[in-house]
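Just below is one structure, and these are the notes that go with it.
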Amino acid sequence: MATQLKAEIKRVREDLETAYEELQSTNEELETTNEELQSSIEELETTNEELQSTNEELETTNEELQSGNEELETMNEEMRVRTEELDEARTFLEAVLTSIAAGVVVLDQKLQVKSWNRGAVDLWGLRPDEVLDQPFYGLEFGLPTEKLRETIQRCVDSGRRGDPLAVPAVNRLGRAITCQVQCSPFDGHNGGVVLLMEEDRTTDSGPGAGA
């Protein structure tokens with residue numbers, strides 16, 4: 001009986017030791033898990049702070065973008081108004097040029113044709129769509145443009161209106177005429193010029209001039 005009791009006690013002790021070891025191991029695992037959780041909490045707190053900082057930066061950026069959008073809307077409105085004003089001015093200028101009987105030709109700083117009014121059409125027979133953005137000296141019509149090169153260059157260099165120049169020419173009807181050409185600076189094209197061309201009816205330019 002005593003032997004059986006001792007064996008039972010030994011078994012119980014071994015079971016208790018095994019249970020204690022298991023509890024000890026579990027406790028260590030819990031401590032490790034707790035440390036990992038604590039580390040995760042700290043990482044989450046850091047991430048939360050970073051997210052908070054990023055959110056504040058995004059709010060600031062959004063405010064700046066909102067302000068930029070308002071400025072762009074204001075600029076767009078100003079540009080719309082200016083565009084309307086420019087369109088009105090261009091329409092007015094075209095109407096003025098159309099109403100002038102003399103030929104009016106506007107050249108830009110590269111001496112390309114930027115405007116060719118009705119008077120120029122009536123005088124030389126070339127339409128605006130045939131001459132716009134074309135080099136003036138490359139055009140072929142009744143006026144020998146090379147004879148104007150020196151006068152035009154002098155006007156460009158001095159920025160002053162030149163004296164009228166009488167140039168023998170042939171109008172759109174094939175009749176020999178004397179064309180009075182006056183060159184004036186035109187700031188609207190940054191160094192361009194305006195040529196005013198008109199037939200000199202006081203000069204006999206050849207057969208049929210007085211007809």
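The values are calculated or read from the model by the stated rules, or taken from the named source; none is laboratory data. Just so you know, these numbers come straight off a predicted model, no measurement behind them. Note that each Cβ is placed from the backbone with ideal geometry, even for glycine, and that neighbours are counted across all protein chains shown.
Looking at region 110-167, the helices (runs of 4 or more DSSP H) lying wholly inside it that each contain 2 or more residues that are within 32 Å of the chain's Cα centre (by Cα) sit at 128-131, 149-158.
Taking first residues from region 130-150 that are among the aromatic types (Phe, Trp, Tyr) and partners that are part of a helix (DSSP H, G or I), the Cβ contacts under 7 Å between residues at least 6 apart in sequence or on separate chains come to PHE136/THR145; TYR137/THR145; TYR137/GLU146; TYR137/ARG149; PHE141/TRP124. Considering only region 178-194, I want to know if a residue exists there that is of a type outside the set (Ser, Thr, Tyr), at pLDDT 95 or above, surrounded by fewer than 18 Cβ atoms within 10 Å (Cβ to Cβ) and not in a strand (DSSP E or B). No - not one qualifying residue is present in region 178-194. Within region 97-123, the set of residues being in contact with a strand residue (DSSP E or B) (Cβ under 7 Å, 6 or more places away or on another chain) and either within 19 Å of GLY174 (Cα to Cα) or among the basic types (Lys, Arg) (or both) comprises ALA102, GLY103, LYS114, GLY119, ALA120, LEU123. Take the conditions (1) within 39 Å of the chain's Cα centre (by Cα); (2) modelled with pLDDT under 95; (3) not small (Gly, Ala, Ser); ASP200 misses just one of them, which is (1).
Restricting region 135-194 to residues that are of a type in the set (S, T, N, Q) and in contact with a Gly (Cβ under 6 Å, 6 or more places away or on another chain) leaves a set whose member that is farthest from VAL106 (Cα to Cα) is ASN171.
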